[in-house]
Amino acid sequence: MKLIIGVTVGFVVLIVGVIGLVAVLGPGATAGGGGGGVGTAVRLEAVAVGELVEVVSAPGQVEPVTNVAISARVSARIAEVPFAAGEHVTKGDPDADPPVPASVLLRLDSTDLEALLRSAQARRDGQAAQIEVEESRIESQAATLQGTQASLDEARRDLSRNRELVASGDVSRSAYEQAQMRHDELDSRYISAQANLEASRRALKVAGFSLQAADADIERARDNLSYTTITSPIDGVVTLVNVEPGEVAVTGTMNNPGTVLLEVADLSMMLVVAQLDEADIALVHEGQPARVRMLAYTDRVFDGTVRSVALSATRLGTKFFKTEILLKSEGDAIYSGLTADAEIEVARHTGVLTVPSQAVLGRPIDDLPVDIRDSSENVDKNKTIVTVVYRFIEGKAVLTPVQIGPSDVTHTVILRGLDVGERVIVGPYKALEGLKHDQSVKDEREDKDDGADTGDEVGGDAQADNPSGDDETSTDERADTESATN
């Protein structure tokens, strides 16, 4: 009899334990589905009408719109560097009242160049004096030629008279021959004087050209001397200083660009020189809006506008197209040379159906249920992969083929296959990866709410049934022990 009572008590304890387990797990514990008898917790989002912006991303570097690298036009020792990096300089304003002089960026030693200028001026003065000598010589030769001309005219008349007299026999033949000889001598002298005069005139013309060359040498010497004082070509900030007083500035050649002494930039207008991939180049054009992020300004996003797009690729390890984006800095100074990431808006779609991109999956067409594969107009049987989403309908994951449009970083446009307000499964990723059609699922947010309510309810019921705090299993075990002892 005692044995029968013990067995009965143990069986009652087992039934009470099962009932308690069912109460804790809830009614979903006995439901069917792919979660081992429990619906898989998933995250849901509703299909909504919204706006989607297509962007093209490209890395780049911040640079000033205007940046001038200052190099020397003449080789000379650097005498003075008045400005340091970070100081403001100006190109000056001669029309201001009073006039504003340009900032002197560098002064070079001008001793040698001043000597070259004096030498050029001396050569020019000597050439001018030589021209005066040639002019005087020409005047003298012209006077000599004029006297020879007069003597030749007289000899010509004398020869004519002697020719007539020798014919009449009034003079001897020897007198006529002397007159002829004198005429011929003066004629030769006249021709020679005329040639010398013409040569002197040409020599004077050459001297004039030499004088012009001397003037050009003076201008060049003065120009080179002016290069010893280098002023700012723009209003801006000195961003780089590469030299110190005492160093020698080296001029550039065809194969050597020369020493960059310093750089001046206008930091009020900055741009991002982005490296655009060739796959995106056809989508980008001048005037498109852009958003720029920089590591130095993690809490800010700068607006910008595409200023220019290169028509040819640049090869520096990889091929890219240089794209300039003008930044709207709102008057704030931005450091030159910062690394930046640009997002260029290439298209904007409004009033379109969108879902989170994680909800859009690719499934082999052969894995689709036959009725969906044959009936859905969104299934292209010529392809091996079909784009699908999982709708949430009455606690089930319903596989739904869709046609998609453009995407951005987070969302994808649905062209066909879904309606506004329908809920789709968007995560978690592990659940989406193994999700099957018609699998039992539940909203993870509702699951958390139900879990909290169930826990409170179970605890309250247990306290009400056992106000003393002792559990039923312990009581039954004590009864069973007592029965066995009796």
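The values are calculated or read from the model by the stated rules, or taken from the named source; none is laboratory data. Given the structure is predicted, the values throughout are model-derived calculations rather than measurements. Cβ sites come from the backbone with ideal geometry, for glycine too, and all protein chains shown count toward neighbours.
Annotations for the structure displayed:
- Selection status of E433, surrounded by 12 or more Cβ atoms within 10 Å (Cβ to Cβ), over 19 Å from V47 (Cα atoms) and either of a type in the set (S, T, Y) or at pLDDT below 90 (or both): no
- Count of residues meeting criterion [of a type in the set (G, A, S) and within 15 Å of M270 (Cα to Cα)] in segment 285-295: 1
- Set side by side, the residues K328, K322 differ, and just one is of a type outside the set (S, T, N, Q) and over 18 Å from V346 (Cβ atoms), which is K328.
- Residues in segment 390-429 that are hydroxyl-bearing (S, T, Y) and surrounded by 18 or more Cβ atoms within 10 Å (Cβ to Cβ): Y390, T400, T412.
- Evaluation of S188 against (1) part of a helix (DSSP H, G or I); (2) over 58 Å from the mean Cα position of the chain (by Cα); (3) surrounded by 13 or more Cβ atoms within 10 Å (Cβ to Cβ) (one fails), failing number: (3)
- Candidates in segment 53-82 are the residues that are of a type in the set (S, T, Y) and assigned to a strand (DSSP E or B); of these, the one that is farthest from V309 (Cα to Cα) is S71.
- Among the strands (runs of 3 or more DSSP E) confined to segment 346-416, the ones with at least 1 residues that are under 30 Å from T305 (Cα atoms) are located at 403-407, 411-416.
- Comparison of P64, P59, P27, P99 shows that the only residue that is farther than 30 Å from A290 by Cβ and modelled with pLDDT of 90 or more is P99.
- Residue in segment 397-416 that is without any contact (Cβ under 8 Å) to a residue 60 or more places away in the chain and farther than 27 Å from V53 by Cβ present: yes
- Qualifying position, being touching a residue at least 60 places away in the same chain (Cβ under 8 Å), within 60 Å of the chain's Cα centre (by Cα) and assigned to a loop (DSSP other than H, G, I, E, B), among A128, A96, A85, A120: A85
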